[in-house]
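Peer 1: For reference, the structure I am asking about is given below.
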């Protein structure tokens, strides 16, 4: 396997950046650290979301379902198992759920897929509520751990790094190419020999497992876990908005959306708590209208247009020179 | 005659009450260039869809080198060695022309990867006349160039049999000549081809043999010249003298 030089450089820069970010909790705490946890959380989830939804163009609103499943994996077993085992349970639960959803939605595309995934998060939240009220005695579960914000930050940073490495490996693999072909034209994909069902399900499972892990890591922060919080549909919408703002054509695209959006959202929800939903809705509309390919997609188009202008002017000069 | 490469045996496809392909049988020998013709709505494209696995037949058998393929999912049939182009050209718009061809090389019958796939794709682009256009986004290409991409993508899988669904349709006269020459070359290299076509000149000059369908039924099968002169075939295309 030969890796192009510029990819090695990007990889090195990314790892170095992550290493620098790991020192953040040593220089700051309180508000900024807490904000950084949020940024890191959405960086991990949005990138994981874009692993599947980016190339396939299938907008999944199931993030909240995976997130909640991860959170509950911790809430249920936190008193009996060590935390690393809980992470593994979250991985298994997230992947399993994604495989089931993947099988159920194989023939769905476009808006039908969106609605199915949206309903799914709601359904699972309702089932958990029902089980807890009928058999658990209480609506919520307590999660007490010794973790501080610093620990959560480090775990989320590590998760983000793993998501990025996975994404990079997938993009270099046959699976990545298969997904891009599916995103372009599923019928062509089948006729060139891509097992479209398998490719879709594998990547959805990877994406879902990562989001579940993010949910598991965040569980200690909530300390009291309720279905409403764990399966909050807002999570799904925020993920889509941020990823689309950044753009999903590149692996690091969502990151470009996550950082400013999280900062601005924090400001808005702090200063205009009653108008937050309205402002978010408007932001969603603005993003879809103004930046359909996200910030990175827009920049890339501009860049390419400039390049092709240069090229075509070169070509005409060459023609004239002949 | 040795064992045929492709055997279509009593294949039938019904959409509800409409029988699009009605118990059709024919065989294709290895290396043959077969023309599949007939008026609009006669079931030619449905026939191709049945062979390539886009549709599964209601009844009947399709054998590729003796191996049954009828009803298998399209990706499995592609891996066994059937490649196709589409009636309305289908390129992968967000990918470069080189990537479009690589797409055909990686998953199909061929299964090559990495540098091998890139080399193969470059060679095929050159063969279809797109040398030096590897990095051009296909969305920016002309219709015939997109058709060339589709052809290169289909060839990239190194299929046992190549299905061309009106590949020559919509080309202007000079493009048509280039397109016909290209098909002739590919056929001369030993590739087995079934071409569905409305361009009769192309059928006459390229295909030794023709199968004619009308209303889902095979009405003629034989040497192109004699088949095209067959009164029943003429009637299928032009109607009875009384109708005129």
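Peer 1: Answer yes or no: is there a residue in the stretch A:157-177 that is surrounded by 21 or more Cβ atoms within 10 Å (Cβ to Cβ), at the interface with another protein chain (Cβ under 8 Å from one of its Cβ atoms), within 22 Å of residue B:102 (Cβ to Cβ) and at pLDDT below 95.
Peer 2: yes
Peer 1: Same structure again: Within the stretch A:42-131, considering only helices (runs of 4 or more DSSP H) that don't extend past its boundaries, which have at least 3 residues that are touching a strand residue (DSSP E or B) at 6+ places or on another chain (Cβ under 8 Å)?
Peer 2: A:63-77
Peer 1: Looking at residue B:39, is it surrounded by fewer than 18 Cβ atoms within 10 Å (Cβ to Cβ), at the interface with another protein chain (Cβ under 10 Å from one of its Cβ atoms) and either touching a residue at least 40 places away in the same chain (Cβ under 8 Å) or part of a loop (DSSP other than H, G, I, E, B) (or both)?
Peer 2: In short, no.
Peer 1: Are any of the residues in the stretch A:242-250 at pLDDT below 90, surrounded by fewer than 21 Cβ atoms within 10 Å (Cβ to Cβ) and more than 25 Å from residue A:71 (Cβ to Cβ)?
Peer 2: Yes, there is a match, as at least one residue in the stretch A:242-250 is at pLDDT below 90, surrounded by fewer than 21 Cβ atoms within 10 Å (Cβ to Cβ) and more than 25 Å from residue A:71 (Cβ to Cβ).
Peer 1: Among the residues in the stretch B:151-165, are any farther than 30 Å from residue B:67 by Cα and either in contact with a helix residue (DSSP H, G or I) (Cβ under 8 Å, 6 or more places away or on another chain) or more than 14 Å from chain A (Cβ to nearest Cβ) (or both)?
Peer 2: To start, the set of residues in the stretch B:151-165 that are farther than 30 Å from residue B:67 by Cα comprises none.
Within the stretch B:151-165, none of the residues are farther than 30 Å from residue B:67 by Cα and either in contact with a helix residue (DSSP H, G or I) (Cβ under 8 Å, 6 or more places away or on another chain) or more than 14 Å from chain A (Cβ to nearest Cβ) (or both).
Peer 1: Related question: Taking residue A:193 as meeting all but one of (1) within 14 Å of chain B (Cβ to nearest Cβ); (2) touching a residue at least 12 places away in the same chain (Cβ under 8 Å), write down the number of the exception.
Peer 2: (2)
Peer 1: In the stretch B:77-110, which residue that is more than 26 Å from residue B:143 (Cα to Cα) and more than 8 Å from chain A (Cβ to nearest Cβ) is surrounded by the most Cβ atoms within 10 Å (Cβ to Cβ)?
Peer 2: B:77
Peer 1: Suppose we filter the stretch B:2-36 for residues that are over 15 Å from residue B:227 (Cβ atoms), in contact with a strand residue (DSSP E or B) (Cβ under 7 Å, 6 or more places away or on another chain) and assigned to a loop (DSSP other than H, G, I, E, B); how many remain?
Peer 2: 4
Peer 1: Here is a further query. Please determine, by comparing only the residues of the stretch A:252-290 that are in a loop (DSSP other than H, G, I, E, B) and over 19 Å from the mean Cα position of the chain (by Cα), which one is surrounded by the fewest Cβ atoms within 10 Å (Cβ to Cβ).
Peer 2: Per the criteria, the residue is A:274.
The values are calculated or read from the model by the stated rules, or taken from the named source; none is laboratory data. From a predicted model like this one, the values you see are computed outputs, not experimental measurements. Cβ: placed from backbone, ideal geometry, glycine included. Neighbour counts: every protein chain shown.
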